[in-house]
1. Between Gln17 and Arg103, what is 0.36 nm times their sequence separation minus the Cα-Cα distance? Round to one decimal in nm.
2. HN-Hα J couplings of the range 89-98 from phi, Karplus 6.51/-1.76/1.60, θ = phi - 60°, integer Hz, Gly and Pro as x?
3. For a 22 Å ceiling on Cα separation, which of these pairs sit above it: Lys74/Lys108; Lys76/Lys105; Lys77/Lys105; Lys74/Lys105; Lys77/Lys106?
4. Tally Lys/Arg at +1 and Asp/Glu at -1 over every other residue whose Cβ is under 12 Å from the Cβ of Arg98; what's the total?
Amino acid sequence: MNITLVSDNNTYAEKLQLTIDMVTKYGFSGKLGKVHHDGKQGEKASEETRAIIDAEVRRLLDESYARATELLKKHKKEHVMLAEALMEYETLTGDEVRDLVLRGKKPKREVFNKKGDGSMGDQTLFGQIRGKVGARREQDQ
């Protein structure tokens with residue numbers, strides 16, 4: 001098997017193992033079908049089958065990454081609105097989140113952060129950070 005579970009990020013290793021299990025134990029592969037392959041990573045399967053397992057795991061991971069990236073880009077405006085509102089109000093109720101995301105309406109209550117000096121998540125500071133992150137992401141693409 002070419003995929004290694006060694007990782008500093010335990011969450012990634014857990015997701016990778018779940019994806020391997022999806023392919024080898026739970027039938028999430030159109031190429032392998034609904035079969036169960038013994039072993040931690042299907043290691044009791046033939047070399048040819050292990051190559052298919054590797055390819056299917058890679059496909060699932062790539063598709064999941066692409067979908068997550070697409071959703072984040074599609075809903076960027078909502079994410080920014082939520083982040084800015086959280087920096088202003090510190091907390092939001094479920095109703096406030098729905099009003100903000102669905103209607104673009106901010107909460108009708110006192111703003112928590114009024115200082116304007118960057119402490120505790122000032123909007124101005126957030127705008128500067130957002131600009132830097134956005135510029136960095138555009139360079140990466």
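1. Gain on extension, Gln17 to Arg103, equals 27.0 nm.
2. 9, 6, 9, 9, 7, x, 5, 5, 5, 4
3. On the way: Lys74/Lys108 27 Å; Lys76/Lys105 17 Å; Lys77/Lys105 13 Å; Lys74/Lys105 20 Å; Lys77/Lys106 14 Å.
From the list (Lys74/Lys108; Lys76/Lys105; Lys77/Lys105; Lys74/Lys105; Lys77/Lys106), the Cα-Cα distance tops 22 Å for Lys74/Lys108.
4. Working: positive: Arg103, Lys105; negative: Glu78, Asp95, Glu96, Asp99.
Net of charged neighbours comes to -2.
Every number in this text was worked out from the coordinates using simple rules, so none of it is lab data. Fair warning: this is a prediction, and the values are worked out from it, not measured in the lab. Cβ sites come from the backbone with ideal geometry, for glycine too, and all protein chains shown count toward neighbours.
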